[in-house]
Amino acid sequence: MAKEIVVTATGRRKEAIARVRLKPGTGAIVINDRDIDEYFGRATSKMILVQALEIVEQKGKVDISVNVCGGGLSGQAGAIRHGISRALLKLNPEFRPPLKKAGFLTRDARAVERKKYGRPGARKRFQFSKR
C-alpha cells in the first residue's frame, strides 16, 4: 500500500490563523468541516482562496482541508490563501517563483492599530476648543 502524501502548513492574516492540509485528489476544498460554498458567501473570498492554485495550475488536482479560527471572513480568506501557498511550496519547490512574484508567500503584517489612552480611537482626537 503506497503512503499518501499529506502536506501541512500554517497561514496568517490579521487575527486569523489557518491550518491547511493538502493532498492529491479531485479538488475538494473543506473549511472547518463545511464546503467552501457553505462557509464563504462572497464570491471574492472564494476567488482569493483559489488564486494560488490557479497560478501553479493545481486547481482540481489537490484536496484541501482547512481549520481556520479568529478574525473575520476576509482575514480568514487571506490566511487560507497564505497557508495554501506555503503548502504548495512544500509539495513542489518549483512553485516558488510564480507564488513569490504574486506575493502569496509574504505574510501581510497589516493589523488594526491599538487605541491610545486619552483619545477616543487609535488616531482620532477629541475636539479642540480654545475657550
TODO: Provide a single number: the residues in region 35-75 that are part of a helix (DSSP H, G or I) and either at pLDDT below 90 or within 18 Å of Ser85 (Cα to Cα) (or both).
DONE: 15
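Looking only at region 57-98, which residues are of a type in the set (Val, Ile, Thr) and either free of Cβ contacts under 8 Å to residues at least 40 places away in the same chain or touching a Leu at 6+ places or on another chain (Cβ under 6 Å) (or both)?
Scanning region 57-98 gives Val62, Ile64, Ile80.
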TODO: Quickly run through region 15-32 and pick out the residues that are surrounded by 17 or more Cβ atoms within 10 Å (Cβ to Cβ) and over 11 Å from Cys69 (Cα atoms).
DONE: Val20, Leu22, Ile29
Task: Hits in region 75-109 (condition: of a type outside the set (A, V, I, L, M, F, W, C) and out of contact with any strand residue (DSSP E or B) (no Cβ under 9 Å at 6 or more places or on another chain)) - done: Asn92, Pro93, Glu94, Arg96, Pro97, Pro98, Lys100, Lys101, Gly103, Thr106
Open item on the list: Taking the criterion of being acidic (Asp, Glu), surrounded by 11 or more Cβ atoms within 10 Å (Cβ to Cβ) and not in a helix (DSSP H, G or I), would at least one residue in region 110-121 satisfy it?
Closed with: no
Task: Close pairs from region 102-130: first free of Cβ contacts under 8 Å to residues at least 60 places away in the same chain and aromatic (Phe, Trp, Tyr), partner surrounded by 10 or more Cβ atoms within 10 Å (Cβ to Cβ) and in a loop (DSSP other than H, G, I, E, B), Cβ under 9 Å, at least 6 apart - done: Phe126/Arg119; Phe126/Pro120
Open item on the list: Looking at Ile17, Ile80, can you tell me which residue is at pLDDT 95 or above, assigned to a helix (DSSP H, G or I) and not charged (D, E, K, R)?
Closed with: Ile80
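The values are calculated or read from the model by the stated rules, or taken from the named source; none is laboratory data. This one's a predicted model, so the numbers in the text were calculated from it and none came from an experiment. Please note: Cβ atoms are built from the backbone with ideal geometry, for glycine as well, and neighbour counts cover all protein chains shown.
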